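What follows is a short report on a single structure.
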Amino acid sequence: MLDKIDVNKVLISVLIIFTSTIVKAQVEDPALKSNNTFQETAVHEIELDLKTLGRAFEGVGALSAGASSRLLYDYPEPQRTDILDYLFKPNFGASMHHLKVEIGGDVNSTDGSEPSHAITREEFEKPKPEYFFRGYEWWLMKEAKKRNPDIILEGLQWGAPGWIGNGNFFSEDNAEFISAWIRGMKKYHDLDIDYVGIWNERKSDVKYIKMLRKVLDRNGLGPIKIDAGDLWQPQEKWEIAFQMEEDKELQKVVDVINAHTTAFIKFFTPPAAMKLDIPLWDGEAHAYGGDWYAAAEHARFNRAYVYGKITKMISWSLISSYYDYLIVPGSGPMKANTPWSGYYEVQPPIWIMAHTNQFAKPGWRYIDSACKGFGHGPEFMREGFSVTALKSDKTNDYSIIIETMDAKEPQKVRFKVSEELSKSTLHVWRSAFKKQEFEKAGEIDVKNGEFEIFIFPDAMYSLTTTTGQTKGVSSNPVPEKLNFPFPYKTDFEQDGFYKSPRYFSDQHGTFEIVENPKGKGKCLMQKMPVQGIQWRGYNYPQTVIGDLDWKDYIVSIDVMLPDTGSVNLWGRMNSFGSSWDFQGYVFEIEHNGKWQLKERQHHLASGQLKIDLKKWNTLSMTFYNDSIAVGFNKKTLVKIKDNTHKNGVVALGTGWNIALFDNLKIEKITKKY
């Protein structure tokens, strides 16, 4: 592995380095078969020159938003702890350095809606501690902090309650709303939020950013830093940099700027951003899926600093912990969406993230002379390989990260190491596409300030003078994966107040457990009285539960309308997007007794009842083959034939009004209906 050695010695060295990995995974690498391969391989020379120390590495993290972590909260122990360890525990799994979360706004933000700490102005003006325990982002941040006290925490909005600014997002109301959330996280959960963003994938208002800074300061939140940008359209993703270039006051209040999905286009960071002397992040990188192809995309994030001086990568999502039938299924590097079974999957992208996070810490400095790309095209980086090198900010230790996901042939790389860096042996870790996940591959001795390594296509390598890295393995078995329990029923008595009931996923609005106003016990309430400031188009509040494969069943629910408005029950719902894209059947009843049965927006049946919906009443829907019936208080209102939808889940919904639900039952049909 020194320069000027013959091919046979190189082969022996390579075999020594990688023997353990190759044997464990039973991989036969074609590059090891032929001496000619190595004789014809050009040598790429890279120098680790400390005179070229660049920007500070700020970590690799992930984003919990769009209800992507919803079902994780419902997981049983010890599986829930194991999952969190794989995500956050240092030197165990992905070892996340940064956790960015959605500040709930009660509106759909991709795969659902997340509740806010102030659904109404009254809740904002007269806050209760319970409001800051809604949802699960506070819990997730506490669990992350428990495992890694140094993890960076950030909040960002997707939408907001409709009372804010009378529908104006960029208002002082909203700045105060954000300040209240930050103070609540500290007061009730002892969480120090480090950064706050503006509005996800929506153009910012410069006046609002300046106002936000003033409001934060006025509320004693001076240490909170502002992260601006969060845009993804190619023509506008760095717009904030151009605005700051022309606005000195804006420069003073913005601490970091980010753009989304930056890692795959060469020369993507404009000079205006580079000149600002401000941290540049990727605020939402995408590498959807838990397979090896997604892992390869994560590996390519290594190029972000090489070509754009991006010092932090944040992926959406943190984990795929939402139903597969919702949009963008499988967005995270780990999957856990069957809490009733406890089953979860530690997927290849977890270990690709470990290749960076376990080998460098925030504060380490990039060695620019050793951050290079080889063989990449002039615009889209889909050929070749990349190298980054980082030095510890506290010692003379260093790490080198190499990805070869688009290399076509084996490559030989010769490194020249500054004499000021550690003389320690380099420990080598390797992942190979579809073959190996984060395996210790051997050691390299640096002699006379130099060493060589052969790297093979479709792989990722981490070389380091540090120790302590591990491929974590839980001591608890992963349970068998099970389908959603059927039949299913709940009276909500086991769920906590101000919480979403187990296995329900709000798609718009906020459904939470409250006291039963007409008796003892608990019930479910939809609490959002007006349309929110939306991120995606949803017409009305809705929450879903169940298995997409359900076909023939009877679903019933007790409902109450304390005032005017409407309530609805969905069945065989099987497609989600925006409200107008829903596929399924809906039984809707209004406070005045008017009811209708629809297939999406198509009228199937209707009628009028003399009822008092301020008392508890029971709605039901029955599905058997192509027969559909709706009932009220155990009396059938209509029975029709329609075979548009043959399967699907159950959903509860309302108009823009308060509504109550209790005693949900989803039962088998035991005889022909």
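The values are calculated or read from the model by the stated rules, or taken from the named source; none is laboratory data. This structure is a prediction, so every number in the text was calculated from the model and none was measured. Glycine also receives a Cβ, built like all others from the backbone with ideal geometry; neighbour counts cover every protein chain displayed.
For the reader, a short list of remarks on this structure follows.
- Filter result (of a type outside the set (Val, Ile, Thr) and touching a strand residue (DSSP E or B) at 6+ places or on another chain (Cβ under 7 Å)) within region 267-297: Ala273, Pro279, Leu280, Trp281, Asp282, Gly283, Glu284, Ala285, His286, Ala287, Gly290, Ala296
For every residue, the table says whether it meets (1) of a type in the set (A, V, I, L, M, F, W, C); (2) over 30 Å from Ser575 (Cβ atoms); (3) without any contact (Cβ under 8 Å) to a residue 40 or more places away in the chain; (4) in contact with a strand residue (DSSP E or B) (Cβ under 9 Å, 6 or more places away or on another chain).
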position: Tyr323; (1), (2), (3), (4): no, no, no, yes
position: Gly330; (1), (2), (3), (4): no, no, no, yes
position: Asn357; (1), (2), (3), (4): no, yes, no, yes
position: Ala370; (1), (2), (3), (4): yes, yes, no, yes
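- The set of residues from region 83-100 being charged (D, E, K, R) and surrounded by fewer than 24 Cβ atoms within 10 Å (Cβ to Cβ) comprises Asp85, Lys89.
- Any hit, region 412-432, residues being within 34 Å of the chain's Cα centre (by Cα), at pLDDT below 95 and either in the same structural domain as Asp49 (by TED's automatic domain parsing) or not acidic (Asp, Glu) (or both): no
- Within region 134-164, restricting attention to residues that are touching a strand residue (DSSP E or B) at 6+ places or on another chain (Cβ under 8 Å) and part of a helix (DSSP H, G or I), the residue that is nearest to Pro541 (Cα to Cα) is Ile164.
- The set of residues from region 599-624 being out of contact with any Asp or Glu (no Cβ under 7 Å at 6 or more places or on another chain), touching a residue at least 60 places away in the same chain (Cβ under 8 Å) and either under 18 Å from Gln583 (Cβ atoms) or surrounded by 15 or more Cβ atoms within 10 Å (Cβ to Cβ) (or both) comprises Leu619, Ser620, Met621, Thr622.
- Subset of region 107-118 [more than 14 Å from Arg70 (Cα to Cα) and of a type outside the set (Gly, Ala, Ser)]: Val107, His117
- Residue ID - nearest to Asp227 (Cα to Cα), chosen from residues in region 147-189 that are among the aliphatic types (A, V, I, L, M) and touching a residue at least 60 places away in the same chain (Cβ under 8 Å): Leu156
- Qualifying strands (runs of 3 or more DSSP E) (wholly inside region 191-305; at least 3 residues being within 24 Å of Ile401 (Cα to Cα)): 256-260, 280-285
- Within region 327-345, restricting attention to residues that are among the hydrophobic types (A, V, I, L, M, F, W, C) and surrounded by fewer than 24 Cβ atoms within 10 Å (Cβ to Cβ), the residue that is farthest from the chain's Cα centre (by Cα) is Trp340.
- Residue pairs whose Cβ atoms lie under 6 Å apart, sitting 6 or more positions apart in sequence or on different chains, and linking a residue in region 464-490 that is more than 22 Å from Met353 (Cβ to Cβ) to a partner that is hydrophobic (A, V, I, L, M, F, W, C), are Pro485/Trp340; Pro487/Ile666; Tyr488/Ile666; Thr490/Leu664.
- Residue match in region 109-121 (condition: farther than 30 Å from Met528 by Cα, modelled with pLDDT of 95 or more and surrounded by fewer than 24 Cβ atoms within 10 Å (Cβ to Cβ)): no
Quick grid of which residues meet (1) surrounded by 17 or more Cβ atoms within 10 Å (Cβ to Cβ); (2) at negative phi; (3) assigned to a loop (DSSP other than H, G, I, E, B):
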{"site": "Ile453", "(1), (2), (3)": "yes, yes, no"}
{"site": "Met460", "(1), (2), (3)": "yes, yes, no"}
{"site": "Val473", "(1), (2), (3)": "no, yes, yes"}
{"site": "Asn476", "(1), (2), (3)": "no, yes, yes"}
{"site": "Phe484", "(1), (2), (3)": "yes, yes, yes"}
{"site": "Ile513", "(1), (2), (3)": "yes, yes, no"}
{"site": "Trp535", "(1), (2), (3)": "yes, yes, yes"}
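- Sole residue being in a loop (DSSP other than H, G, I, E, B), surrounded by 16 or more Cβ atoms within 10 Å (Cβ to Cβ) and on the phi < 0 side of the Ramachandran plot, chosen from Gln596, Gln531: Gln531
- For Gly653, the requirement of being more than 19 Å from Asp547 (Cα to Cα) and either within 30 Å of the chain's Cα centre (by Cα) or surrounded by fewer than 19 Cβ atoms within 10 Å (Cβ to Cβ) (or both) is not met.
- The residues of region 537-569 that are in a loop (DSSP other than H, G, I, E, B), out of contact with any Lys or Arg (no Cβ under 7 Å at 6 or more places or on another chain) and under 27 Å from Trp340 (Cα atoms), listed by number, are Pro541, Gly546, Asp547, Leu548, Asp549, Trp550, Asp552.
- Scanning region 627-642 for any residue that is hydroxyl-bearing (Ser, Thr, Tyr) and in a strand (DSSP E or B) turns up at least one such residue.
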